[in-house]
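The values are calculated or read from the model by the stated rules, or taken from the named source; none is laboratory data. Just so it is clear, the structure is predicted and the values come from calculations on it, not from any experiment. Heads up, the Cβs are rebuilt from the backbone with ideal geometry, glycines too, and the neighbour counts pull from every protein chain shown.
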């Protein structure tokens, strides 16, 4: 399957999988460590934090599977390629974050409710505190590494996975604050531990929303941003032989731009010349927006009286 990919696309897939596998094994160690620290350290916030890290396994696997599929070229059933698979993976990651956030919110609310009805909340111990500190440092570092790679290879799914790491770091910051307060401010403040998990869930909801919105917009075939379409128009009009253009339609397929456009050329030139102009338009789009940009050009004769 991947033998048919362009060299640049093979490199992109390789880098995406490398950074995701690294995240996968880091999450393995952190998840087990945080859940154990939560049980041993009597911290509901740390257990919730560990479950959050555990959810990263699912998203890592999604990226590893879908990034290879999305890089496939056209086939009989996918005439525009498989880029939407990566967009779909991003949406799944965002939905996973929504589920994780809701689970943490629910658990925290139940614990707070029970505490107001007489159930004692245990004082967390130092092991939970140290687990939170280690998690913050490791997951923030993993966030920057993943996002930098994702931006370099222009992979929404990898960037989304990086934000999943960041959400875990935010979760651990809230956990750290809650555990610290519960440990050092006395018995009345043990409730800070579950309250911290509630605050963290709100942050995670926000991250999930930021990831979900653009992926849903792309799956619903939303046009490229207005500034990009303006740039396309400028580039087309700079191609020698193009008199005018209209019916510009755009969309994204993963990281690939798809552009449909009608251009008007001198009605007296030959079919060969008109075809060459259309080819120059296609090449201009690929040079500007990437080798995999798909441009469909319809050529029409130019009549000044048409107003085009």
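Of the residues examined, residue 227 is one that is modelled with pLDDT of 90 or more and loosely packed, with under 14 Cβ neighbours inside 10 Å.
Return a yes/no flag: does the range 213-223 have any residue that is surrounded by fewer than 16 Cβ atoms within 10 Å (Cβ to Cβ), touching a residue at least 40 places away in the same chain (Cβ under 8 Å) and either assigned by TED's automatic domain parsing to the domain that holds residue 46 or touching a helix residue (DSSP H, G or I) at 6+ places or on another chain (Cβ under 9 Å) (or both). Yes, the range 213-223 contains at least one residue that is surrounded by fewer than 16 Cβ atoms within 10 Å (Cβ to Cβ), touching a residue at least 40 places away in the same chain (Cβ under 8 Å) and either assigned by TED's automatic domain parsing to the domain that holds residue 46 or touching a helix residue (DSSP H, G or I) at 6+ places or on another chain (Cβ under 9 Å) (or both).
Within the range 238-294, the set of residues being surrounded by 14 or more Cβ atoms within 10 Å (Cβ to Cβ), out of contact with any strand residue (DSSP E or B) (no Cβ under 6 Å at 6 or more places or on another chain) and touching a residue at least 60 places away in the same chain (Cβ under 8 Å) comprises 252, 253, 254, 255, 256.
Against the condition outside the structural domain of residue 91 (by TED's automatic domain parsing), surrounded by 20 or more Cβ atoms within 10 Å (Cβ to Cβ), within 30 Å of residue 12 (Cα to Cα) and in contact with a strand residue (DSSP E or B) (Cβ under 8 Å, 6 or more places away or on another chain), how does residue 297 come out, does it pass?
Answer is yes for this residue.
In the range 108-133, the residue that is modelled with the lowest pLDDT out of those that are touching a helix residue (DSSP H, G or I) at 6+ places or on another chain (Cβ under 7 Å) and closer than 20 Å to residue 27 by Cβ is 128.
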